[in-house]
Amino acid sequence: MEALASFKKELSSPKKIFITTHVKPDADALGSSLGLANYLLKKGHEVTVVTPSDYPSFLAWMKGNDSVLDFSKSEDRALATLRLEEADVIFCLDFSVLGRVNELGELIRKSNAYVVNIDHHQDPEDFADFRYWSTKAAATCELVYELIVNELRDKDAIDKDIAECLYAGIMTDTGGFRHPNTTKNVHLVVAELIDKGADSSQISNWIYDSNSVNRLKFIGFAITRRLVVREDLHMAYFVISKKDLKKYQSQTGDTEGLVNYALSLDGIKLAALFSEREDGIKISFRSSSDVAVNKFAAAYFNGGGHKNAAGGKSTLGLKDTVDLFESLVEKCQDELFHSESMTAN
């Protein structure tokens, strides 16, 4: 309660506010950032939203997108750094460890500003003056809504633009309301957002039905040529090389959701996507409701996330990473599929 009172006091007068989120922002990351930014602008604050990297073009419809600074771009970096140095309040959304924002993390750590962390991931780092955090929330957008409505008592300030940003994050982080994290509260919140003007059909179209020809061809190629199914191990995975990405002129967001095709196979409990990038192998994990894939990612692939949706990375080559993954799944069958315990040996 004392921390909440301090937070409210910080926002009681116009402030210079800096909002950031994790690398390669998804709809929940950008939606929570812009939803909150649009709210704070209405309250008279000066707000700057900075992302550590680019993000998918299918999120560009969100109100405030045109003003977002990309810290990875040389033309934005100087202004973003200045805005961070000037900030009275820094909001860190949809991540719980400062390493998730690359170089911005250390700048935030050294800042004298009041730091707020709003997030739903496990194992948060203790870097914030005020943390609004719950792993029971399906999305950070859900928490931003509850912060505005339940703590700031300002439901009337939520307009169509804010509602649509928040709806997008909740919709995608629940897999279109299909994942086990789709709780009663999720339905109550999205009902309120629709009542505030969020166009659920249009948002779904913007995010799920805005494919390029190259992306559709890439998905077809991946399913027919790059899908490996191991029924004996209850797993399936995609292996995507840099050459594959280049062939289909892959853009940020083009691999989004691909791993779910592997998980959709009958009898599959664990799915993965291995993408070869310039800085190493990026891994996306998905699992059925009874498999704690986040613990597997943390134990063996320097990652983490949610129980059924996590990420990781590897500095090994693509083939070596996949070989390691297969051997670990075979070795950890009992732990993965019959227990939530998972520790590295």
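Condition first: charged (D, E, K, R), at pLDDT 95 or above and either in contact with a Ser or Thr (Cβ under 9 Å, 6 or more places away or on another chain) or not in a helix (DSSP H, G or I) (or both). Now tell me which residues in segment 206-229 satisfy that. Matches in segment 206-229: ARG226 only.
Take LYS307 and tell me if it is open to solvent by 60 Å² or more (accessible area, probe 1.4 Å), over 21 Å from ALA138 (Cα atoms) and of a type in the set (Lys, Arg). In short, no. Restricting attention to segment 310-339, the residues that are among the hydroxyl-bearing types (Ser, Thr, Tyr) and exposed (fewer than 15 other Cβ atoms within 10 Å of the Cβ) total 3.
Do we find that ARG153 is in a loop (DSSP other than H, G, I, E, B) and of a type in the set (D, E, K, R) in this structure? Show your work before the answer.
Numbers: in a loop (DSSP other than H, G, I, E, B): yes; of a type in the set (D, E, K, R): yes.
Spelling it out, ARG153 is indeed in a loop (DSSP other than H, G, I, E, B) and of a type in the set (D, E, K, R).
Please work out if ILE203 is assigned to a helix (DSSP H, G or I) and not assigned by TED's automatic domain parsing to the domain that holds PRO124.
On the way: assigned to a helix (DSSP H, G or I): yes; not assigned by TED's automatic domain parsing to the domain that holds PRO124: no.
It is false that ILE203 is assigned to a helix (DSSP H, G or I) and not assigned by TED's automatic domain parsing to the domain that holds PRO124.
Looking across segment 36-71, the residues that are open to solvent by less than 70 Å² (accessible area, probe 1.4 Å), closer than 25 Å to ASN112 by Cα and either touching a Gly at 6+ places or on another chain (Cβ under 6 Å) or not aliphatic (A, V, I, L, M) (or both) come down to ALA37, ASN38, TYR39, GLY44, HIS45, THR48, THR51, PRO52, SER53, ASP70, PHE71. Remark: pairs (first residue in segment 181-193, closer than 25 Å to SER287 by Cα and in a helix (DSSP H, G or I); second residue small (Gly, Ala, Ser) and open to solvent by less than 50 Å² (accessible area, probe 1.4 Å); Cβ separation under 6 Å; 6+ apart in sequence or on different chains) = VAL186/ALA138.
Is there a residue in segment 265-279 that is open to solvent by less than 20 Å² (accessible area, probe 1.4 Å), more than 19 Å from SER327 (Cα to Cα) and acidic (Asp, Glu)? So far as segment 265-279 goes, no, none of its residues is open to solvent by less than 20 Å² (accessible area, probe 1.4 Å), more than 19 Å from SER327 (Cα to Cα) and acidic (Asp, Glu).
The values are calculated or read from the model by the stated rules, or taken from the named source; none is laboratory data. Keep in mind that this is a model prediction, so the values were computed, not measured. Note that we place each Cβ from the backbone using ideal geometry, even for glycine, and neighbour counts take in every protein chain shown. Just so you know, the surface numbers come from the protein's heavy atoms only, side chains and all, with ligands and any DNA or RNA stripped out. Shrake-Rupley method; radii C 1.70, N 1.55, O 1.52, S 1.80 Å.
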